[in-house]
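The values are calculated or read from the model by the stated rules, or taken from the named source; none is laboratory data. Worth saying up front: this structure is predicted, and the values here are computed from it rather than measured. Glycine also receives a Cβ, built like all others from the backbone with ideal geometry; neighbour counts cover every protein chain displayed.
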Amino acid sequence: MARSKRLARVGRECVACGTCMKVCPRAAIRVVSGVVARVNGELCIGCGKCAGVCPADVIAMVERGSGE
């Protein structure tokens with residue numbers, strides 16, 4: 001899959017459930033210290049699957065370069 005102009009951004013309210021990691025086709029998301037998910041911008045293709053399944057609704061799709 002090609003990268004889009006979008007990138008996933010995880011909010012501070014992340015509950016580190018790991019649901020986003022399970023659906024990411026590029027393994028671009030990791031839970032750090034069991035506390036919060038982080039997105040690797042080099043791997044993220046901007047598909048939005050993670051945002052669609054986040055039970056805490058804290059993943060937003062943003063334009064690349066906007067404070068990623």
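Which members of the range 1-42 meet the condition of being over 11 Å from the mean Cα position of the chain (by Cα) and among the small types (Gly, Ala, Ser)?
Once the filter is applied, which keeps residues that are over 11 Å from the mean Cα position of the chain (by Cα) and among the small types (Gly, Ala, Ser), the range 1-42 yields 2, 4, 16, 33, 34.
Looking only at the range 16-58, count every residue that is of a type in the set (A, V, I, L, M), surrounded by fewer than 15 Cβ atoms within 10 Å (Cβ to Cβ) and at pLDDT below 95 and tell me the total.
2
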